[in-house]
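The next block holds one structure in the form of structure tokens; read it before the comments.
The values are calculated or read from the model by the stated rules, or taken from the named source; none is laboratory data. All values derive from a computational prediction rather than experimental measurement. Only protein heavy atoms, including side chains, enter the accessible area calculation; ligands, DNA and RNA are left aside. Shrake-Rupley method; radii C 1.70, N 1.55, O 1.52, S 1.80 Å.
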Amino acid sequence: ADIPVIPDLEDVQEEDLAMQVAAPPSVQVNRVLTYHDLDKDLRKYAAFQTLDGEVDLKLLTKVLAPEHELREDDVSWDWDHLFTEVSSELVTEWDLGQLERED
């Protein structure tokens with residue numbers, strides 16, 4: 001009586017599986033660090049100052065730009081405007097090159 005039985009395909013098709021929903025997986029969520037936290041950690045821990053124990057990164061970590069210097073405002077680009085601007089700059093450079101060759 002305790003022997004498991006493989007169900008027939010007809011029995012499985014008769015079950016209404018459309019309303020059954022699988023439970024979402026449980027994942028441990030780690031906090032995402034901010035730029036400020038990363039800056040503090042970079043200066044605080046010496047582990048970031050060497051790479052593979054061989055490459056000294058101290059000079060690089062001393063001259064890294066702070067967060068406020070890296071932030072830029074979001075600027076939307078208009079393809080037509082951008083194309084016109086770049087084309088006019090290229091034409092201007094080309095004209096200047098032609099004038100220099102003539103002189």
Under-5 Å amide H pairs with Leu57, H placed in peptide plane, nonlocal only: Thr50, Leu51
Whole-Hz ³J(HN,Hα) from phi, Karplus 6.51 cos²θ - 1.76 cosθ + 1.60, for region 3-9, glycine and proline x: 7, x, 10, 7, x, 6, 4
Heavy atoms of Val5 accessible to a 1.4 Å probe, total area in Å² rounded to 10: 120 Å²
